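A quick write-up on the structure given underneath.
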Amino acid sequence: MDPLLALRPWEAPEVTSRGRLPMHAIDRRPGAVRLDGEWRFQLLPAPDAPLSGTWSTVHVPGAWTLQDTGDLPQYTNVRMPFPQFPPQAPAADPTGVHEREVDIPAEWAGRRIVLQVGAAESVLLVHVDGRPVGASKDSHLAAEFDLSDLVRAGSRSLLRLTVVKWSDASHIEDQDHWWHGGITRSVLLYATDPLHLADVTVRARQDGALRVDCRVRHAGGALPAGWYVSGELDGLPLVQDTEFDRANAADERVSDFLGEARLTATVPEVRTWNAETPELYGLTVRLHRADGTVADTSRHRVGFRDVTIVGRDLLVNGERVYIRGINRHDFHPLTGRTVSAEDMRADLVLLKRFGFNAIRTSHYPNDPALYDLADELGFYVVDEADIESHDHAHEIADDPRYLNAFVDRVSRMVLRDVNHPSVIVWSLGNESDYGANHDAAAGWVRRYDPTRPLQYEGAAKTGWADPSVASDIACPMYAPLEDCVAHALSGQQTKPLIQCEYSHAMGNSNGTLADHWAAIESTPGLQGGFIWEFWDHGILQRVSDGRPAGRAGAGRYANGVAGPGHRWAYGGDFGEAVHDGAFVADGLVFPDRTPKPAMYEHRELAAPVRIECYRHEGIVLGNHQHFRGLDWLAGEWELALADGRTLTAPAELPDLRPGQTAAVPLPFRLPPDGGEAWLTLRVRTARDEPWAPRGTELCAPQLRLRAPVTTAPAPAADRPVDVDAEGLLVHPLLTAAPVLSLWRAPTDNDEIGGMAVRWRAWGLDALVRKLVSVDRAEGRVRVLAEYAGTAGVIRHRQEFSAVEGGLRIDEQAELPAEFDDVARVGSVFETVPGLDLLEWFGQGPWESYPDRSAGAPVGHHVLPVDELFTPYLRPQESGGRHGVRRFTLSAPDATGLAVELDEPRQVSVTRFRAADLTAAAHHDELVPRPGCVVHLDAAHRGLGTASCGPDTSPAHRIAPGVHRWSWTLRLL
């Protein structure tokens, strides 16, 4: 029997590999043969099932679950997709057999030949020409195998890679994303000299001190005499550390088969690496034979920086830095976890433009290319091991059968990524309780790499000051803001507090983000956190047959919307019985990387330049960076006036070091005619950056210079007000009269947080209106109505008054005590078709809500109605604009209606009623209405993040009692 099958590694947690080479730091091997492309494929029902005679093809790298093989993706969050307890796997265990012929280059004769499989989910079995080579686990790290004795240069061999989908390892890869099966990163062959660099470890300090440790091996076993290493850093020669050599010899550490050498250098006037100025040097290390010829070469990019914790502060190069982080999965809507380097660059470029400076690789080591890009573009990385045992966390944390797996996964991650300056923290995994297995892994890391701190959220068993060896950082998950502040002020804090997850981005979310950052920036001991998460993990799905669109789906989506015949699939859309629905759609960008409105909120909160205040001598500006001046930025002033004008002027930014402030003259003389005035500084890149071309806007800090002047419209008693028998307004441009609205299509936070359940129980989604009275007078009609729900009655009064040029509507709603936290209080009406352009004075241009409005500056904005709606994957309340003072809805001939509000209000204009959005599970089910559905809200509940984390703050909830609002309706 095949010894790899006899081992049954899919149900043996003690076995992490067989025949696999040790992990090493990544370097680029010139001449490597990439084996990506079409492979023959069979999907077996179980690992020990026999092959059939029928082969299809799949693309490698690529998950077979996205390639029409019959085995489809499945999404679960906490629950495992099968009922077996660890370490068991189900008997029905899809197993993919991948085969292809490989031509071994003739010039590789006499060389060591290595196969590298970038990633396979979840157990990899390797055969060459029918002979077993080895096995590997860990779905997110590469496995290498020495094929030197199995293949012959200049000949062709048959390579078979068998991947078992479910295994004992699946129980520690329960990571809140789609379950797939397949080879998800590139496969390649490369060759080295028998005498080769087995590993190169670089330690580059802030003071310019460089240490390079080399491990040397020979494929034949014993090392030949006389070998040595040399190196250079951008032309600066490295020197052999002879003291290290003497110490090794004295300790008898150098054996016949393992060689160790150390090179050192000190770089004068070193340019240090940080996320704002990611300076990199080129390092070349050469391994020489005794005669001086080069046997092997390794190249790396080096960043000089120190990471330390002093007291309760995390320091980079001695500076306390704010961690403006994002959690990121490897994801693509067509190819799943197979992501190209170009796509990863686009991810990081987008994040950089929106003010992020840190990435947590949730919840496994990401593709190696990501770390190269983070080094280059400037990101702080929390590198997280491939460990999450969510469903069986408590059982596995102390299970000695999984001890080797924990240490193996953590140590291999560290060995692979240790040379990246972007990696500033190692993470032992996620949501796996806390036990001896974590301590064992932590002990290995502390011995191997004492230059970086460790973190693990689960280690805080007795509180955030827990002295556990497994975490140097208090990294809670969705901790209430008030608890974080209280801890920082308690006198008990012993570690930096940086939340590993906060502000859950599911659907229309990320409320109170500004509150978080106001607290973080004003409270010593709080240092930031990582938003969950970057992507909505919607898979592009063909509506016709329910299958993933796969690579053929390219171009079938734009601006966050799946194209005709397609939709974004989430849990349950592939017919799976066990799933967790739309919880997989919880990112700050849509599946096509279109930013959600919440991205602009973060952008403004992370602004490098801010308007601190307005004094008589001028505007005070501040540099809120950690390392960089303002010379790389350019500015433009905008003055938005209530009369519709917007004035602009160039802005000369002062020469400020990080943390400094300076006053600059007021760029405009305010017109004497009064009215509201807002000053905005649009900050852009002054030159091309690696992540942004010249002129890219990075923030738009704003300051109100003058408050609004309110004037009541002149009455016109001689004009009639028309209402029908039910007391509903009759108007030529309205197809549905303004009525009371207390319901919004529930957001994901509303549904999961339990608010929508209450609202439905109160009957807010189906209020019954009853006319009580109509009081008519000259130029005025007063209407009193009652809206009955199951929990009480709301009295609603409307007074329609004819005014010069239109109609004034004064409204009042009395919410009884039973309705103590409703979604909104306001008016809703519908317009005739053809009014397709919205112009408004208020916050914008993107969507904003009461607790997510810091990133939407006040100004004059114009958008087509069809572009106002935000297509969250599960339809829900969206498209709102906060702080609207007035707006017009117009047709192409400039006719239409105008609305003026008594004070800044929440307004939404879309093609959908709240009931339309509530009833739909996907956007392909929505049918836009020909007219506009307009909501004018006296009060609108905040969004919060209650799908996972705290709800909105009490200040953004709607209390019972009397609510009043007024608005004026005119024809254009």
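The values are calculated or read from the model by the stated rules, or taken from the named source; none is laboratory data. Small disclaimer: the values here were computed from a predicted structure and weren't measured. Note that we place each Cβ from the backbone using ideal geometry, even for glycine, and neighbour counts take in every protein chain shown.
Summary of values
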{"quantity": "Options 634, 640, 582: the member that is part of a strand (DSSP E or B) and either in the same structural domain as residue 943 (by TED's automatic domain parsing) or farther than 23 Å from residue 657 by Cα (or both)", "calculated": "640"}
{"quantity": "Residue 526 surrounded by 24 or more Cβ atoms within 10 Å (Cβ to Cβ), touching a residue at least 40 places away in the same chain (Cβ under 8 Å) and among the hydrophobic types (A, V, I, L, M, F, W, C)", "calculated": "yes"}
{"quantity": "Residue satisfying all of: in the range 227-256; in a loop (DSSP other than H, G, I, E, B) and in contact with a Lys or Arg (Cβ under 7 Å, 6 or more places away or on another chain); modelled with the highest pLDDT among these", "calculated": "227"}
{"quantity": "Complete set of residues in the range 584-601 that are over 14 Å from residue 330 (Cα atoms), surrounded by fewer than 24 Cβ atoms within 10 Å (Cβ to Cβ) and either of a type in the set (Val, Ile, Thr) or in contact with a His (Cβ under 8 Å, 6 or more places away or on another chain) (or both)", "calculated": "594"}
{"quantity": "Condition check for residue 813: in the same structural domain as residue 753 (by TED's automatic domain parsing), closer than 26 Å to residue 762 by Cβ, at pLDDT 95 or above and among the aliphatic types (A, V, I, L, M)", "calculated": "yes"}
{"quantity": "Criterion (modelled with pLDDT under 95, among the small types (Gly, Ala, Ser) and not assigned by TED's automatic domain parsing to the domain that holds residue 930) met by exactly one of 714, 777", "calculated": "714"}
{"quantity": "Unmet criterion (only one of (1) in contact with a Phe, Trp or Tyr (Cβ under 8 Å, 6 or more places away or on another chain); (2) part of a strand (DSSP E or B); (3) of a type outside the set (Val, Ile, Thr)) for residue 929", "calculated": "(2)"}
{"quantity": "Subset of the range 643-670 [part of a loop (DSSP other than H, G, I, E, B), in contact with a Leu (Cβ under 9 Å, 6 or more places away or on another chain) and closer than 30 Å to residue 839 by Cα]", "calculated": "645, 666, 667, 668, 670"}
{"quantity": "The one condition in (1) of a type in the set (Phe, Trp, Tyr); (2) crowded, with 22+ Cβ neighbours inside 10 Å; (3) free of Cβ contacts under 8 Å to residues at least 60 places away in the same chain that residue 444 fails to fulfil", "calculated": "(2)"}
{"quantity": "Hey, residue 369 on the phi < 0 side of the Ramachandran plot and surrounded by fewer than 21 Cβ atoms within 10 Å (Cβ to Cβ) or not", "calculated": "yes"}
{"quantity": "Test: residue in the range 12-28 that is outside any loop (DSSP other than H, G, I, E, B) and over 30 Å from residue 582 (Cβ atoms)", "calculated": "yes"}
{"quantity": "Residue match in the range 320-339 (condition: closer than 25 Å to residue 359 by Cα, among the acidic types (Asp, Glu) and assigned to a loop (DSSP other than H, G, I, E, B))", "calculated": "yes"}
{"quantity": "Matching residues, the range 148-175, being surrounded by fewer than 23 Cβ atoms within 10 Å (Cβ to Cβ) and part of a loop (DSSP other than H, G, I, E, B)", "calculated": "148, 149, 150, 151, 152, 153, 154, 155"}
{"quantity": "The range 903-926: number of residues that are in contact with a strand residue (DSSP E or B) (Cβ under 8 Å, 6 or more places away or on another chain) and outside any strand (DSSP E or B)", "calculated": "7"}
{"quantity": "Subset of the range 112-147 (residues that are part of a loop (DSSP other than H, G, I, E, B), more than 20 Å from residue 26 (Cα to Cα) and in contact with a Ser or Thr (Cβ under 7 Å, 6 or more places away or on another chain))", "calculated": "122, 129"}
{"quantity": "Those residues of the range 609-631 which are part of a loop (DSSP other than H, G, I, E, B) and either aromatic (Phe, Trp, Tyr) or assigned by TED's automatic domain parsing to the domain that holds residue 277 (or both), in sequence order", "calculated": "627"}
{"quantity": "Test: residue in the range 194-212 that is within 14 Å of residue 298 (Cα to Cα), out of contact with any Lys or Arg (no Cβ under 9 Å at 6 or more places or on another chain) and either at pLDDT below 90 or of a type outside the set (S, T, N, Q) (or both)", "calculated": "no"}
{"quantity": "Members of the range 147-174 found to be out of contact with any strand residue (DSSP E or B) (no Cβ under 7 Å at 6 or more places or on another chain) and free of Cβ contacts under 8 Å to residues at least 40 places away in the same chain, listed by number", "calculated": "149"}
{"quantity": "Lone unmet requirement of (1) crowded, with 18+ Cβ neighbours inside 10 Å; (2) within 27 Å of residue 608 (Cα to Cα); (3) among the hydrophobic types (A, V, I, L, M, F, W, C) for residue 339", "calculated": "(2)"}
{"quantity": "Residue 38, sole failed condition from (1) surrounded by fewer than 20 Cβ atoms within 10 Å (Cβ to Cβ); (2) assigned to a loop (DSSP other than H, G, I, E, B)", "calculated": "(2)"}
